[in-house]
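The values are calculated or read from the model by the stated rules, or taken from the named source; none is laboratory data. Bear in mind that the values here come from a model prediction, so they are computed numbers and not experimental data. All Cβ positions, even for glycine, are placed from backbone atoms using ideal geometry, and neighbour counts span all protein chains on display.
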Amino acid sequence: MLLGLAQTLLASAAPPADLDLSISGLRSARGLVRICLTRDPDHFPGCSNDAQAIKRSVPAGHTALRFDDLPSGAWAVSLFHDENRNGKLDTVLGIPREGFGFSRNPPIRFGPPRFSAARFSLTSGETSQSVRLKYLL
């Protein structure tokens, strides 16, 4: 608890930063792209129950987004192409049927990457991240 409070106080002392996110590799303009931006490794990549996470859903045709006034520090982005708009990443035998991607585009082996593989530093001013979606089926 004290560590979280200290991180919050340190983050609030740093000037805000902006993130420009570009998305490539969409196989269609159907559905939505669901985006999660988090600072918490314990809630990556899904952001479930992460009150501090920033979540957005945009039409699949939107390939550029901007997040303004974010606290400086370590962040990671996860996203998926929710083609059928059901709010979840559909799988078959644990293999994603819809496209997915992460900041820094780490290699995908068995399961999602760790927070450390997708982590990037956000400093005052502007930072850019490009995420390329992957489709396994």
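Just a few scattered comments:
- Of all residues making up region 37-47, the number that are in contact with a helix residue (DSSP H, G or I) (Cβ under 7 Å, 6 or more places away or on another chain) and either farther than 18 Å from residue 104 by Cβ or crowded, with 17+ Cβ neighbours inside 10 Å (or both): 1
- Meets criteria (basic (Lys, Arg), surrounded by 12 or more Cβ atoms within 10 Å (Cβ to Cβ) and either in contact with a Pro (Cβ under 9 Å, 6 or more places away or on another chain) or over 20 Å from residue 38 (Cα atoms) (or both)) for residue 132: no
- Selection from region 43-87 of residues that are within 17 Å of residue 103 (Cβ to Cβ) and among the charged types (D, E, K, R): 50, 55, 56, 66
- Number of residues in region 61-79 that are surrounded by fewer than 22 Cβ atoms within 10 Å (Cβ to Cβ) and either in contact with a strand residue (DSSP E or B) (Cβ under 8 Å, 6 or more places away or on another chain) or at pLDDT 95 or above (or both): the value is 13.
- Checked against the criterion of being crowded, with 18+ Cβ neighbours inside 10 Å, among the acidic types (Asp, Glu) and farther than 14 Å from residue 21 by Cα, the candidates 82, 50 yield just one match: 82.
- Output for region 104-129, where each listed residue is surrounded by 14 or more Cβ atoms within 10 Å (Cβ to Cβ) and either farther than 19 Å from residue 47 by Cα or of a type outside the set (D, E, K, R) (or both): 105, 106, 108, 112, 113, 115, 117, 118, 120, 122, 127, 129
- Filter result for residue 22 (part of a strand (DSSP E or B), touching a Cys at 6+ places or on another chain (Cβ under 8 Å) and of a type in the set (Ser, Thr, Tyr)): no
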